[in-house]
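Rule-based calculations on the coordinates, nothing more; no lab input. Since the model is a prediction, treat every value here as computed from it, not as a measurement. Here the Cβ positions follow ideal geometry from the backbone for every residue, glycine too, while neighbour counts run over all protein chains shown.
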Amino acid sequence: MNAPRRGPIASFFVGLWDVMNFTRRLILNLVFFGLVLLVALLVLASLAGGNAHPLLARTTLVIAPEGELVEQYTSDPVSRALERVAGNRHSELQLRDVLRALDAARTDRNIERVFLHVDDLQAGGMASLREVADAIARVRAAGKPVVAFSEQMDQKQYLLAAQANEVYLDPMGQVTLEGLSRYRQYFREGLQDKLGVDVHLFKVGTFKSAAEPYVLDAASPASKEADLFWMNDVWQRYLGDVAKARRIDAARLNADVQTLPQGVAAAQGDLARLALSQRLVDGLKTRQEVWDLLREKGVADDDATGGFRRIELDDYLAHLDKGLEGALPQKHVAVVVAEGEIAGGDLPPGKVGGDSTSELLREAHDDDNVAAVVLRVNSPGGEVFASEQIRREVERLKKDGKPVVVSMGDVAASGGYWISMNADRIYADPSTITGSIGIFGVIPTLSRALEKIGVHTDGVGTTPYAGAFDLTRPLDPAVGGMIQSVIEKGYRDFTGRVAKARGRTVEQIDAIAQGRVWSGAQAMQRGIVDSMGGLQVALDDAAQRAKLGKRGEYQVRYIEKTPTPFEKFFTGMAQSRIGLGLLRESDMARALLAKSAPQAARDLQFLEASANDRRGAPVKAVAYCFCGL
């Protein structure tokens, strides 16, 4: 039987479909084989490891950090690799990497000097900055010159630059020392009067001010008193650190800051000349002039940026890491990082998860090669129950014979202190922010807000309190009393556990608690911190407790979430010169970079989180401190 003959119109559309289908297959095949070729080349590049540069004698280590100084990356290895190949600035830099590069450079015969350019560093808190500053000072004390250059520095960046033998500033630049401050936005009028959102605050502690912005229009007198007390301590220490490094009088330095407008007027608005006259810098030079100086003092290299023999921080770290991958230490000290807000569940790096951080501590417990643990805490706190989960794992480690030493970073307050208190010893920097031993809970209700748009809530319940936590209904005063009782119980738990851990009475702890924030030095005076010292001091202590020897004789391993095989492959590939070249033109990485929210947005997100995600619990107690700088 013959097939029916197609008409001209049908033939046209059938032919058009055949052409489109052929084109589609052609494009798919080209893309497929292109990807196969690309992957093959990248595998070869990864295996070749083509990014290794030989470290020659008389090399200048260039430390020009970009992005935020963090204890632990918050992004995954693939995202960081994509960021690198896209040619974008780094969004994060690990504190541990800067410290180990500086400590290695101090004794590395091939490193002749260090060049600092810190203008793109988004500096963190004073504690971590002081650790970096001390590492720079050790390089200088070892007889290796440190040269710093800036086009424009804030006071945190300057703390690092001040440690150099020579500090140069661009003739059009500036160094701004202004003191410390802590200002926040207050939302009561906007939330309650304008929007009709009623925020109910339940707390224990005269100085527990974390949730004040939701119920007040300005900071309470108690909050201002407490903040100014610890900030003055940190500021005076900053002045002392700078004055010591620059060999100038601290009182004079403070007077220069206090009379900044008069100084600027006397310098006729020339901020660079003002910095020079105040001895904050040693000279005014352009970037090219500083490069010429380094070329003259070092070894000329016309193929290198600046014309002098140099190695960048990333390349130097890769040089230090060469041959370490896959090494299996025997008895060693494990480090677990607890950085960020504390919440329940399994959270990514940059957050402290009740489940995920506990799992890392359990891994340290179950590994027979882990002889001791250092818990590095840089957290303002968060959920009480998640904090308690982590504290229990610390207790379990100690009970089974593995010493636990806490090293506090910039902030270890409220829930951050909760997870620290049971350690064998607690170390903090004098400028660490800690304490804030207090509890609060926040419940926003939306009934008035909904009424503004004509929406009303009504219904029935089988008991007087069924549906009592429905946020679209007004909060029953009896329910409010119940919540306050839960919060007070949480405070008793907090102070009771601290008293037991620190060998004090509850009354003694209550006297220094009440939600009050302390600097690390003030906390040690009050017995809630044992000693002053950074991460390395804590590691030495842990190693000594485990009888692993002195510094240089023991090994350290960070216990973190293990990257997937693909993440390991992609990261290694992106670090090679061939892989970097192949991926450099990709626009995909640029689309993956995110911007951080301003503080006001974070505060409101915190309020939203308190309204949601109670994991089935009607009341969620929070031990949190909005106490950064």
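Assorted remarks:
- Order of His200, His117 - criterion: other Cβ atoms within 10 Å of each residue's Cβ, fewest first: His200, His117
- The mean sequence separation of alpha-carbon pairs under 8 Å and at least six residues apart, normalised by the residue count of segment 172-263, gives a relative contact order of 26 percent.
- Given charges at Cβ of Lys, Arg, Asp, Glu: segment 276-428 dipole, positive-most of Gln278, Gly298, Pro348: Gln278
- Cα-only Debye scattering, segment 374-490: base-10 log of I(q)/I(0) at q = 0.10 Å⁻¹: -0.49
- Taking a ≥ b ≥ c as the square roots of the eigenvalues of the alpha carbon gyration tensor, segment 213-279 is oblate, as a/c is not under 1.5 and a/b does not beat b/c.
- Taken over the Cα atoms of segment 262-311, the convex hull encloses 86 Å³ per residue.
- Debye log10 I(q)/I(0) for segment 168-237, one point scatterer per Cα, at q = 0.20, 0.26, 0.27, 0.29 Å⁻¹: -0.88, -1.16, -1.20, -1.26
- Normalised by residue number, the volume inside the convex hull of the Cα atoms of segment 136-197 is 128 Å³ per residue.
- Note on Thr463, Thr472: ascending count of other Cβ atoms within 10 Å places them as Thr463, Thr472, the fewest first.
- Taking the fewest neighbouring Cβ atoms within 10 Å as the starting point, the ordered list for Thr23, Thr434, Thr445, Thr176 is Thr23, Thr176, Thr445, Thr434.
- Taken over the Cα atoms of segment 287-403, the convex hull encloses 169 Å³ per residue.
- The C-alpha atoms of segment 237-352 occupy a region whose extents along the principal axes are 60, 48, 25 Å, arranged from largest to smallest.
- According to the Cα-based calculation, Rg over Rh for segment 382-440 is 0.98, with Rh computed by the Kirkwood formula.
- Share of Cα-Cα pairs in segment 129-248 lying beyond 22 Å, as whole percent: 54 percent
- Distant-in-sequence amide H partners of Gly534 (H built 1.01 Å from N, under 5 Å): none
- Whole-Å distance, taken between Cα centres, linking segment 454-473 and segment 174-203: 30 Å
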